[in-house]
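Undergrad: Sharing a structure, written as structure tokens. Questions coming.
The values are calculated or read from the model by the stated rules, or taken from the named source; none is laboratory data. If you're wondering where the values come from, they're calculated on a predicted model, not measured in any experiment. Cβ coordinates were reconstructed from backbone atoms using ideal geometry, including for glycine residues, and neighbour counts include every protein chain displayed. Note: accessible area is taken over every heavy atom of the protein model, side chains too, but ligands, DNA and RNA are not part of it. Shrake-Rupley method; radii C 1.70, N 1.55, O 1.52, S 1.80 Å.
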Amino acid sequence: MADGILGLGSSGSVDLNQDLINKLKETETNAYIAPIEKNIEESEATIEAVNEISAKIDEFLSVIEGFDLYNTSTNVFDEVSATTTGTAVSFNAADTSNINPGTIAVTVDQLATKDVYQSDIIADTSATMDSGILSITLGSSTYDFDTTDKTYEEIVTQINYNSSIEASLEQVGDNSYRMIIKSVDTGLDNAITIGQTGDLNLGYDNDLNHVVSAQNMKAKIDGVDYNLSSNKVTMENGLIITAAEKGDASISIERDDTYVIEQINKIATVYNELVELVDSYTRGSEDSPALISDSSTLRGIVGDIKNMFYDTYGLSDEENAFVYGISFNKDGRMEIDAGDLSEALTDNYDDLKELFIGYAEKEGIGTRITAYLDDLDSLDGIMTTYEERLSKQLKDLNDSQEEETERIDTKYQQLASQFAAYTVIITQMENSFSSLKLIMNMDKNDN
């Protein structure tokens, strides 16, 4: 651009200057680019608002999927609480769906242990060992270690290459060590035998150095005898009982009704937060238009969820959420009657579970809503399509801004060049006129 050259050298071309071009360019920029920039700001704000709503939908999904029939983990109605008496056992369960309420009695008579051997005292662990073969047998496998020209440390390293055997050099006194060899796992199936040949004599054949003998866990659970290599018993119903010491213990299992109430109340809380969020962005006022003008998609999602609560459930369509204290007020907010819900859990537990979880033949509220929300973010889902449309709209606006900016820049660069050319022409004409005027004045004086 010929910035800074217009209007110089000619009083007659003073109006054709850069200041004039800048004013013209500013006027056209305000007319064409400023509205696009405003639309970009509004579009970005809309996308940010939709992302916030989308995050709240995801939060609602994380709550409602606890009521999903096809949940890969435990659903809300299968949660149980348990207490133990005695310290003989502890318990856990990855899946409580098959665990029925009741009491389990346990008597631990014997804990499963590893085989543990210690060597005689070793004064220098880095010294070369006597020549021979150290043989370790576990089950049907025998591992031989040639100690010729090897240090104790080197043999320990070689033994530890085997995943079923563990060896270590332990300092047992200020200047004394023992080489400890043990089975990694407990039980009779993991018992080990140690042999020594040649000049090698580490004392493993001394019964006193066989410090712990492998044995199985022996226990009685609800009158049934168990004899296992592990201290952990995994019951068919998914309950995991771990023996800790000899003695008696009992495990009392109850349905966790408190957790069910807590999660149903959480459904109402997060749903209401979603409604309020959608309302805040889609409902305008006389003074302030709605941030999200295309609100049909978002309000439709909220409406679909609400309608699922109004539907009937159960194999004979006999279940309805309103019977169990779940309703909606005039503002569309979900409300929970704590008394009705608690009474339903006590008197109609199976019916309430049928309402929320359902069956493959007739899915419950939680199962239906989970599938619906999952589908929103699918490849062709409503939210996916909606968000893609907003992103495309923003991209088109940015492209338009770039094109208009380039057009205006090009236009006024050309105009600046034209003004510069006009200035040269005008200056030349003015110079010619000045010369002519000088000649005419000279002729006049001569006369």
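Undergrad: Would you check which residues across the stretch 104-122 are part of a strand (DSSP E or B), touching a helix residue (DSSP H, G or I) at 6+ places or on another chain (Cβ under 9 Å) and open to solvent by 10 Å² or more (accessible area, probe 1.4 Å) and list them?
TA: Selection gives Tyr117, Gln118.
Undergrad: Look at Leu436 and say whether it is surrounded by fewer than 15 Cβ atoms within 10 Å (Cβ to Cβ) and modelled with pLDDT under 90.
TA: Yes; evaluated as a whole, the condition is true for this residue.
Undergrad: Separate question: Scan the stretch 123-167 residue by residue and report those that are open to solvent by 60 Å² or more (accessible area, probe 1.4 Å), assigned to a loop (DSSP other than H, G, I, E, B) and farther than 28 Å from Met217 by Cβ.
TA: If the condition is that a residue be open to solvent by 60 Å² or more (accessible area, probe 1.4 Å), assigned to a loop (DSSP other than H, G, I, E, B) and farther than 28 Å from Met217 by Cβ, then Ala123, Asp124, Ser126, Asp130, Asp149, Tyr161 are the ones that fit.
Undergrad: Tell me which residues, restricted to the stretch 69-103, are of a type in the set (Phe, Trp, Tyr) and not in a loop (DSSP other than H, G, I, E, B).
TA: Within the stretch 69-103, Phe77, Phe91 meet the criteria.
Undergrad: Can you name every residue in the stretch 139-149 that is in contact with a helix residue (DSSP H, G or I) (Cβ under 9 Å, 6 or more places away or on another chain) and modelled with pLDDT under 95?
TA: Gly139
Undergrad: Filter the stretch 138-162 down to the residues that are aliphatic (A, V, I, L, M) and either touching a Lys or Arg at 6+ places or on another chain (Cβ under 6 Å) or closer than 12 Å to Met179 by Cα (or both) and list them by number.
TA: Ile155, Val156, Ile159
Undergrad: Those residues that are of a type in the set (A, V, I, L, M) and open to solvent by 60 Å² or more (accessible area, probe 1.4 Å), I need them from the stretch 70-101; list them, please.
TA: Ala94
Undergrad: Hey, can you tell me all the residues within the stretch 72-103 that are out of contact with any Phe, Trp or Tyr (no Cβ under 8 Å at 6 or more places or on another chain), in contact (Cβ under 8 Å) with a residue 40 or more places away in the chain and either under 18 Å from Glu363 (Cα atoms) or of a type outside the set (S, T, N, Q) (or both)?
TA: Val80, Gly86, Ala88, Val89, Phe91, Ala93, Ala94, Asp95, Ser97, Ile99, Pro101, Gly102
Undergrad: Which condition from (1) at pLDDT below 95; (2) more than 30 Å from Glu42 (Cα to Cα); (3) among the small types (Gly, Ala, Ser) is the one that Gly364 breaks?
TA: With respect to (1) at pLDDT below 95; (2) more than 30 Å from Glu42 (Cα to Cα); (3) among the small types (Gly, Ala, Ser), Gly364 is out only on (1).
Undergrad: I would also like to ask the following. Considering every residue within the stretch 306-325, establish whether at least one is touching a residue at least 60 places away in the same chain (Cβ under 8 Å) and open to solvent by less than 10 Å² (accessible area, probe 1.4 Å).
TA: Within the stretch 306-325, none of the residues are touching a residue at least 60 places away in the same chain (Cβ under 8 Å) and open to solvent by less than 10 Å² (accessible area, probe 1.4 Å).
Undergrad: Report, ordered by the first and then the second residue, all pairs with beta carbons closer than 6 Å, sequence separation of six or more or different chains, a first member in the stretch 377-392 that is over 15 Å from Glu52 (Cα atoms), and a second member that is among the hydrophobic types (A, V, I, L, M, F, W, C) and in a helix (DSSP H, G or I).
TA: Ile382/Leu376
Undergrad: Can you work out which of the residues in the stretch 315-342 that are assigned to a loop (DSSP other than H, G, I, E, B) and of a type in the set (Gly, Ala, Ser) is farthest from the chain's Cα centre (by Cα)?
TA: Looking at the filtered set, the residue picked out is Ser316.
Undergrad: While we're on this one: Return the residues of the stretch 328-383 that are β-branched (Val, Ile, Thr), within 23 Å of Asn272 (Cα to Cα) and open to solvent by 50 Å² or more (accessible area, probe 1.4 Å); say none if nothing qualifies.
TA: Selection gives Ile382 alone.
Undergrad: Within the stretch 39-61, can one find any residue that is in contact with a helix residue (DSSP H, G or I) (Cβ under 9 Å, 6 or more places away or on another chain) and not in a helix (DSSP H, G or I)?
TA: No, the conditions are met nowhere in the stretch 39-61.
Undergrad: Write out, first by first residue and then by second, each pair whose Cβ atoms fall under 8 Å of each other, whose residues are 6+ apart or on separate chains, and whose first residue, in the stretch 151-178, is in contact (Cβ under 8 Å) with a residue 12 or more places away in the chain while the second is among the polar types (S, T, N, Q) and open to solvent by 80 Å² or more (accessible area, probe 1.4 Å).
TA: Note: pairs meeting the criteria are Thr151/Thr128; Tyr177/Gln171.
Undergrad: Strands (runs of 3 or more DSSP E) wholly in the stretch 180-280 with at least 2 residues that are open to solvent by less than 40 Å² (accessible area, probe 1.4 Å), at pLDDT 95 or above and hydrophobic (A, V, I, L, M, F, W, C) - which ones?
TA: Ranges flagged: 192-196, 217-221.
Undergrad: Still on this model: Give me the pairs, please: first residue somewhere in the stretch 230-258 and more than 9 Å from Val89 (Cβ to Cβ), second residue anywhere and part of a helix (DSSP H, G or I), beta-carbon distance under 7 Å, and either six or more positions apart or on two chains.
TA: Short answer, once both residue conditions are applied: Asp257/Leu345.
Undergrad: Need the failing condition index for Gln171 against (1) surrounded by fewer than 14 Cβ atoms within 10 Å (Cβ to Cβ); (2) assigned to a loop (DSSP other than H, G, I, E, B); (3) of a type outside the set (A, V, I, L, M, F, W, C); (4) modelled with pLDDT of 95 or more, just the number.
TA: (2)
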